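The values are calculated or read from the model by the stated rules, or taken from the named source; none is laboratory data. Everything numeric here is computed off the predicted structure, so don't read it as measured data. When we count neighbours, we look across all protein chains shown, and the Cβ atoms used for this are built from the backbone with ideal geometry, even at glycine. Heads up: the accessible areas ignore ligands, DNA and RNA and are worked out on the full protein's heavy atoms, side chains in. Shrake-Rupley method; radii C 1.70, N 1.55, O 1.52, S 1.80 Å.
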Amino acid sequence: MERPIRVLVAKPGLDGHDRGAKVIARSLRDAGMEVIYTGLRQTPEQIVAAAIQEDVDVVAMSILSGAHNHLFPKVAKLLREEGVDDMLIIGGGVIPDGDIPFLKESGIEEIFTPGTSTTQVIEYIKNNLKR
Amino acid sequence: MNIEEGLLKGEKRACARLITMLENNDQGAIDIIKKLYKHTGRAYVIGVTGPPGSGKSTLTDRLTKELRKKNKKVGIIAIDPTSPFTGGAILGDRIRMKDLSLDKGVFIRSMGTRGSLGGMSKATWGAIKVLDIYGADYIFIETVGVGQSEIDIVKIAHTVLMVMVPNLGDDIQAIKAGIMEIADVFAINKADLGGANKTQLEIEMNLDLNEKKDYRPSIVQVSASKNENIDKVIKKLSEHRKYLDETGEMIERRKRNAKLEVIRLVEEELMDLIMNKALEEDMLEILSEQIISRDIDPYSAKDNILKLIKK
């Protein structure tokens, strides 16, 4: 059997809107992936600890509060500090186009904004794994 | 990353990577376990099982916090079902254990069942060894939510904690065979919601009828979400462990489990050996067509496949 892709789906920060994260989690499941869902209101430190213990291939974060410029780069930085260089880090949510270049520079490899189809996310993950 | 050294030093990344390798049937991982096997055997393994939604994860979270007060190192393996159709899974037990993520003395790993039906995954056996080498004093194995007959946990745990909830069924459910027979400790969770006394009575009446009376499983009413009676569950688990140690039953269980594990490994390897050969020659496809056209019966088809390795 082919080994399943493991994905951590996390909601950093304080917003309580997890419908999007759940839709993503469900469609990744249907694409044959193992999705570890960590629930709401996670600190970057908690997300990184979970990603390491679960040894995931992908860290996928969803945010709708507007704090993405603070929280996403923090997760990428903490992972680097732990010596993790083989996890694909992606993010999604209501994120203005103007913020995307900064986020990509900070180590978030792709940003998915409203209107993205779940198929696009699945294809992106499958084509960009780092191990 | 040197996995072997890292694991002996108790590094979480090494621990996590080795479990991944075992899940993917990596021979390198098995070689590491072979080498480090003498470092296992210290941890006390508690199986946490019970119906879906009974509060296994929440109770495991609370029990772990209680053990952390005594500075015990804890490993948790939380299993959720893999889809038989897509191979995908939602592993959601960590949601109930958020505060434990950052605790240096706790390691949590979620696993999908990946085709196993007994409430656990094949790699669970290996993952326990990894956590044992990692240095866990206690290992909790949280099974998938079980129905009536997923009892593989009994083949792996030293003590089985059955998490029940009130008002699920009547006294007939309590006397059925299967999961009700494997508990060493019953926790009736959500006891604050009412109905727990009746559930306790039904379990007690069932236990009264046990013929083997050397150990009577204890029953604790508990509310994991309200953090009530968690210490009592710990106390009952310790009592059972003491009983196992003092009566020699621990050694009996370990021996029985070792036998079962070897049998399972042989079965798996034999099965792979046979089926790989059968698949190579497209035998399964051909035979199944012959079976439905009534050219051959399933028993003779089996004989044909076994001939592959009897030669």
### Query
Over the range B:261-310, what percent of the accessible surface lies on carbon and sulfur atoms, probe 1.4 Å?
59 percent
### Message
How long are the semi-axes of the equivalent ellipsoid of the range B:37-247, defined as square roots of 5 times the Cα gyration tensor eigenvalues? Whole Å, largest first.
### Response
25, 20, 18
### Summary
Rg from C-alpha atoms of the range B:1-146, normalised by the globular rule of thumb 2.2 N^0.38 Å, equals 1.00
### Computed helical MRE - 222 nm, chain B, DSSP H runs ≥ 4 contributing -39500 (n - 2.57), nearest 500
-14500 deg cm²/dmol
### Task
May I ask you to give the percent of accessible area on chain A that is carbon plus sulfur, with a probe radius of 1.4 Å?
52 percent
### Summary
Residues of the range A:49-71 that bury at least 10 Å² of accessible area, probe 1.4 Å, when all protein chains are present rather than the chain alone, are A:ALA49, A:ALA50, A:ILE52, A:GLN53, A:GLU54, A:ASP55
### Query
Under unit Cβ charges (Lys, Arg +1; Asp, Glu -1), what dipole magnitude, rounded to 20 debye, does the range B:261-310 have relative to its Cα centre?
220 debye
### Query
How far is helix B:283-292 tilted off the main Cα axis of chain B, in degrees rounded to 10, range 0 to 90?
90 degrees
#### Entry: For the protein assembly as shown, with +1 on Lys and Arg beta carbons and -1 on Asp and Glu, the positive-most of A:SER106, A:VAL23, A:ILE47 along the dipole
A:ILE47
## Note on the structure
Taking the dipole of the protein assembly as shown about the Cα centre (Lys, Arg +1; Asp, Glu -1; charges at Cβ), the one of A:THR38, B:LEU244, A:GLY83 that reaches farthest to the positive side is B:LEU244
### Query
With contacts defined as alpha carbon pairs under 8 Å and 6 or more residues apart, what's the relative contact order of chain B in percent?
17 percent
### Query
Label points 7 Å out from Cα along the Cβ direction at B:LYS310 and B:GLU289: separation in nm?
2.5 nm
### Loop-located trypsin sites (Lys or Arg not before Pro) in the range B:189-222, at most 15 other Cβ atoms within 10 Å (DSSP)
B:LYS212, B:LYS213
### Summary
If one compares the long axis through the Cα atoms of helix B:12-23 with the longest principal axis of the Cα atoms of chain B, the angle in degrees, nearest 10, works out at 40 degrees
### Query
Of B:LYS65/B:LYS104; B:LYS38/B:LYS129; B:LYS190/B:LYS232; B:LYS9/B:LYS69, which sit over 18 Å apart, Cα to Cα?
B:LYS9/B:LYS69
### Query
If you place +1 on the Cβ of every Lys and Arg, -1 on the Cβ of every Asp and Glu, and leave all else neutral, what size is the dipole of the range A:6-128 about its Cα centre, to the nearest 20 Debye?
420 debye
### Task
Enumerate the residues in the range B:84-108 having an amide nitrogen under 19 Å from the point lying 7 Å beyond the Cα of A:GLU2 toward its Cβ.
B:84-90
### Neighbouring partner chain Cβ atoms per residue of B:12-19, average, 10 Å criterion
3
### Query
How far, in degrees from 0 to 90, does helix B:230-247 lean away from the longest principal axis of the Cα atoms of chain B, to the nearest 10?
60 degrees
### Message
Just want the answer: with Cβ charges of +1 for Lys and Arg and -1 for Asp and Glu, which residue in B:PRO166, B:ALA123, B:PHE140 is farthest toward the dipole's positive end in the range B:110-197?
### Response
B:ALA123
### Loop sites in the range B:128-237: GluC sites (Glu not before Pro), DSSP, at most 16 other Cβ within 10 Å
B:GLU211
### Query
What list of ³J(HN,Hα) values in whole Hz, one per residue of the range B:178-184 in order, does the Karplus curve 6.51 cos²θ - 1.76 cosθ + 1.60 (θ = phi - 60°) give from phi, with Gly and Pro shown as x?
x, 4, 5, 8, 9, 6, 9
### Message
To the nearest 20 Debye, how big is the dipole of the protein assembly as shown about its Cα centre, given +1 on the beta carbon of each Lys and Arg and -1 on that of each Asp and Glu?
### Response
1320 debye
### Query
Percent relative contact order of chain A, based on C-alpha pairs within less than 8 angstrom and at least six residues apart?
26 percent
### Message
Give me the extension gain from B:SER149 to B:GLU281: residue separation times 0.36 nm, minus the current Cα-Cα distance, reported in nm with one decimal.
### Response
43.9 nm
### Summary
Among residues of the range B:71-94, a drop of 10 Å² or more in 1.4 Å probe accessible area, assembly relative to the chain on its own, occurs for B:SER83, B:THR86, B:GLY87, B:GLY88, B:ALA89, B:ILE90, B:LEU91, B:ARG94
### Task
On the full set of protein chains, 1.4 Å probe, figure out the accessible area of B:HIS158 and give it in Å² to the nearest 10.
10 Å²
### Cβ-based net charge around B:GLY41, under 11 Å, with every Lys or Arg adding one and every Asp or Glu removing one
+3
### Message
Give the average over all directions of the projected area of the C-alpha convex hull of chain A, one decimal, in nm².
### Response
7.2 nm²
### Task
Please report the buried accessible area for the interface of B with A, total over both chains, probe 1.4 Å, in Å² to the nearest 100.
2400 Å²
#### Entry: Å² per residue, accessible surface of chain B at 1.4 Å
50 Å²
### Query
Per residue, how much accessible area does chain A show when a 1.4 Å probe rolls over the protein heavy atoms, in square angstrom?
43 Å²
### Spin-label model distance (nm) - B:VAL266 vs B:GLU239, 7 Å beyond Cα toward Cβ
4.0 nm
### Query
trypsin sites (Lys or Arg not before Pro) within the range B:12-85: which are DSSP loop residues with at most 14 other Cβ atoms inside 10 Å?
B:ARG42, B:LYS70
### Query
With each pseudo-label sitting 7 Å past Cα toward Cβ, what's the B:ILE274-B:LYS255 distance in nm, one decimal?
3.0 nm
#### Entry: Which of B:VAL262, A:VAL23, B:VAL48 is most accessible, then next, and so on - probe 1.4 Å
B:VAL262, A:VAL23, B:VAL48
### Query
Based on the mean of other beta carbon atoms within 10 Å per residue, what is the order of B:250-261, B:82-93, most packed first?
B:82-93, B:250-261
### Query
Quick one: Karplus J couplings for the range B:188-205, per residue in order, coefficients 6.51, -1.76, 1.60, θ = phi - 60°, nearest Hz, x for Gly and Pro?
8, 7, 6, 5, 5, 8, x, x, 5, 4, 5, 4, 4, 4, 5, 5, 4, 4
#### Entry: Alpha-carbon centroids, the range B:118-177 and the range B:35-93: separation in whole Å
9 Å
